[in-house]
1. List the number of the failed condition for residue 76; all other conditions in (1) buried (at least 17 other Cβ atoms within 10 Å of the Cβ); (2) free of Cβ contacts under 8 Å to residues at least 24 places away in the same chain hold.
2. Of all residues in segment 62-92, how many are assigned to a helix (DSSP H, G or I) and either touching a strand residue (DSSP E or B) at 6+ places or on another chain (Cβ under 7 Å) or more than 22 Å from residue 112 (Cα to Cα) (or both)?
3. What number of residues within segment 20-54 are over 20 Å from residue 87 (Cβ atoms) and surrounded by 15 or more Cβ atoms within 10 Å (Cβ to Cβ)?
4. In this structure, does residue 64 turn out to be farther than 19 Å from residue 82 by Cβ and at pLDDT below 90?
5. Go through (1) at pLDDT 85 or above; (2) touching a helix residue (DSSP H, G or I) at 6+ places or on another chain (Cβ under 9 Å); (3) exposed (fewer than 15 other Cβ atoms within 10 Å of the Cβ) one by one and return the number of the condition residue 109 breaks.
6. Sort through 73, 55 and tell me the only one that's modelled with pLDDT of 85 or more, within 19 Å of residue 98 (Cβ to Cβ) and within 22 Å of the chain's Cα centre (by Cα).
7. Taking the conditions exactly as written (modelled with pLDDT of 90 or more and surrounded by 15 or more Cβ atoms within 10 Å (Cβ to Cβ)), does residue 87 satisfy them or not?
8. Find the residue count for segment 1-19, including only residues that are under 15 Å from residue 85 (Cα atoms) and at pLDDT 90 or above.
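The values are calculated or read from the model by the stated rules, or taken from the named source; none is laboratory data. For clarity, every value in this text was computed on a predicted model and none was experimentally measured. Every residue, glycine among them, receives a Cβ derived from its backbone with ideal geometry; neighbour counts consider all protein chains shown.
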C-alpha cells in the first residue's frame, strides 16, 4: 500500500511536471496550459455522456433481472477517467482518454476477468478449498457448535 501511495503522490506528479515542461518547450507555455484546460473540458463532457449511458444501460439490465456487470465496470472506468482528466497533466489525460475508449475498456475487462479466473483456479488446484479445515480449526469448530444460550432468571431492583 505504501508503494502505491508513493507512486500516486510522488512519482506521478514528478513525471507530469517533467512532461509539462517538455511540452511547453515544444509548443509554448500558453499552448500547454490551453491543452490541459481543453482536455479537462472535453474529458468532462465525455465522462458525462458515457457515464449517463452506462447508468441507463445498467438500469435497463436490472429491470430485465440481469446483473449489469459490464455496465458497472464501464461506470467505474468512467469515474476513474473523469478523475484522471480533471487532474492537470498530460500523462493523466492520456490514461483518462484511454479509459473512455470502449475498445480499451473491453480489453481491460477481459484481462481482469482472465486474472480473476486464473487466481480462482490456481487456488483450487493447490488444495486450498473453502470447505477444507485445518486440524486446529476442527477443535475451534467443536467449541463454536456448543450452545451459547445461558438459562437464568432476571430480576430488576430499583
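1. (1)
2. Looking only at segment 62-92, we keep the residues that are assigned to a helix (DSSP H, G or I), and these are 62-63, 69-86, 91-92.
From what is left, the residues that are either touching a strand residue (DSSP E or B) at 6+ places or on another chain (Cβ under 7 Å) or more than 22 Å from residue 112 (Cα to Cα) (or both) are 62-63, 85-86, 91.
So the count comes out to 5.
3. Residues flagged as over 20 Å from residue 87 (Cβ atoms) and surrounded by 15 or more Cβ atoms within 10 Å (Cβ to Cβ) within segment 20-54 amount to 1.
4. yes
5. (3)
6. On the way: 55 fails: within 19 Å of residue 98 (Cβ to Cβ).
Checking each option against the conditions leaves just 73.
7. On the way: modelled with pLDDT of 90 or more: no; surrounded by 15 or more Cβ atoms within 10 Å (Cβ to Cβ): yes.
Spelling it out, it is not the case that residue 87 is modelled with pLDDT of 90 or more and surrounded by 15 or more Cβ atoms within 10 Å (Cβ to Cβ).
8. 1
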